[in-house]
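Take a look at the structure set out below.
Bear in mind these aren't lab numbers, they're just calculated from the coordinates by the rules spelled out. This structure is a prediction, so every number in the text was calculated from the model and none was measured. Cβ: placed from backbone, ideal geometry, glycine included. Neighbour counts: every protein chain shown.
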Amino acid sequence: MQDILTLGIETSCDETSAAVVLNGREVLSNVISSQIDIHKKFGGVVPEVASRKHVEAVSNVIQEAVDKAGVGFKDIDVVAATYGPGLVGALLVGLSTAKGLALSLNKPFVGVNHIEGHVSANYIAHKGLKPPFTCLIVSGGHTHLVYVKGYGEYEILGRTRDDAAGEAYDKVARAIGLGYPGGPLIDKLARKGNRYAIDFPRVYLEEDSFDFSFSGLKSAVLNYLNKMKMQGIEVNRADVAASFQQSVVEVLSEKAVRAVKYKNSKTLCLAGGVAANTALREELERKCSMEEIEFLYPPVVLCTDNAAMIACAGYYEYINGRISKLSLNAIPSLKIGEKYLE
């Protein structure tokens, strides 16, 4: 089979990224322009600001990715871009740019599901990884447990019924005055606290459910903070961060390991922005080791939003014959496993 160069473009939220990937797994370049410093002062991502910053950055980021890869635009075989889920204005910037490039280069265009991109980050990090396997996807907007049956083929075992884990992290971080983004800040502060200091709830839902719910935990933390304030008691922020994180980690890891055993899949992969969380990695390492389950996760740069994972996912869509039409639109609420070719 001849080599295939995929140009990936990612603009679903507040990172403008472009990457060139060879045969789906060899990253030749992965350029990421982050907007975190811009959105910090607002306490979260402002969609309109994000869209404008993508417009300003996307052309330069793509050019840098191609230059760093040591190739020319004429060498690109496939152009792939995220078309959902995400912020609609942000998605449209990358999607429109990718379609314009594909049209001008006379190359096939592939729309990529952002969540499937996160799963695909593991293919880049672990060259020998092949489906089937179980994957826990944890990010700011999504918490999913899926069984990966094949490249681009998924069975959803569980998903969040309310707040995603990353969303809960951001809200709790804001409540204890840590700022944005909440995940890394809580993870860092939690190392200084006692994870068993406060007995926050662990929500497991029905006995056989693989779904998640973090809204009640978030409310419990807020109620605790309000109670302490009303009583004039000083809050130990490190203990709050550690206890909150322990509750999240216990639920995620318990359900993930149970899902692996349920599917008898032997391998658990972790994906998404919260996959960079040290406590979650350590707990899954521990539990998987006890159950003799292979546990894999990407490096931090591939956990957060990036175009290399989009190029990887796009490559497998392409070789499986799933090429998108240029009429493909952005779908902000796109679900994992959903396929729209036009």
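Please state, as a whole number in µm²/s, the translational diffusion coefficient that the Stokes-Einstein equation yields for segment 6-111 at 37 °C and 0.692 mPa s, with Rh defined as the Kirkwood radius across alpha carbon pairs.
Value of D from the Cα-based Kirkwood radius: 239 µm²/s.
Which angle between 0 and 90 degrees, to the nearest 10, do you get for helix 88-105 versus the longest principal axis of the chain when only C-alpha atoms count?
20
Relative contact order (percent) for the chain, with alpha-carbon contacts under 8 angstrom and 6 or more residues of separation?
25
Over all distinct alpha-carbon pairs, what is the Kirkwood Rh of segment 131-298 in angstrom?
Computed over segment 131-298, the radius equals 16.1 Å.
So what's segment 230-307 giving for Cα Rg divided by 2.2 N^0.38 Å, two decimals?
In units of the globular-protein estimate, segment 230-307 measures up at 1.34.
Quick one: net charge of Ala197's neighbours, Cβ under 13 Å, K/R +1, D/E -1?
Residues near Ala197 contribute +1 overall.
For the pair Lys229 and Asn320, what calculated FRET efficiency results from E = 1/(1 + (r/R0)^6), where r is the Cβ-Cβ distance and R0 = 45 Å, to the nearest 0.05?
After rounding, the FRET efficiency stands at 0.25.
Grab the other residues whose beta carbon is less than 14 angstrom from that of Ala90, score K and R as +1, D and E as -1, and report the net.
Net charge around Ala90: -4.
Once you have the Cα-Cα distance between Asn60 and Glu26, take 0.36 nm times their residue separation minus that, and quote the gain in nm to one decimal.
That pair, Asn60 and Glu26, stretches by 10.0 nm at full extension.
Find the Rg to Rh ratio for segment 68-197, where Rh is the Kirkwood radius over alpha-carbon pairs and Rg uses the same atoms.
When Rh is taken as the Kirkwood radius, the ratio is 1.06.
Give me the distance in nm between label points sitting 7 Å out from Cα along the Cα-to-Cβ direction at Glu155 and Leu105, one decimal.
Roughly 3.7 nm, to one decimal.
Taking 7 Å along the Cα-to-C-beta vector as the label spot, tell me the Ile36-Arg52 distance in nanometres, rounded to one decimal.
2.3
Expressed as a whole number of Å, what is the distance separating the alpha-carbon centroids of segment 70-129 and segment 225-292?
Answer, in whole Å: 31.
If I model a spin label at Arg286 and Lys339 as a point 7 Å from the Cα along the Cα→Cβ vector, what separation in nanometres do I get?
Going by the 7 Å Cα→Cβ label model, 4.1 nm.
With axes computed from alpha carbons, what is the tilt in degrees of helix 278-290 against the longest principal axis of the chain, rounded to the nearest 10 within 0 to 90?
90
Using 0.36 nm per residue of separation minus the Cα-Cα distance, give me the extension gain between Ile4 and Lys192 in nm, one decimal.
63.0 nm
Using Cα-only point scatterers and the Debye equation, what is log10 of I(q)/I(0) for the chain at each q in 0.06, 0.07, 0.13, 0.15 Å⁻¹, rounded to two decimals?
Debye intensities relative to I(0), on a log10 scale: -0.21, -0.29, -0.95, -1.21.
Between the helical axis of 307-319 and the dominant principal axis of the chain, each derived from Cα atoms, what acute angle in degrees is found, rounded to the nearest 10?
The answer is roughly 60 degrees.
How much length would be gained if the chain were fully extended between Leu205 and Lys127, taking 0.36 nm per residue of separation minus their Cα-Cα distance, in nm to one decimal?
This chain segment gains 24.5 nm when fully extended.
If you find the alpha carbon centre of segment 296-337 and of segment 1-40, how far apart are they in angstrom?
First find each Cα centre; the distance between them is then 10 Å.
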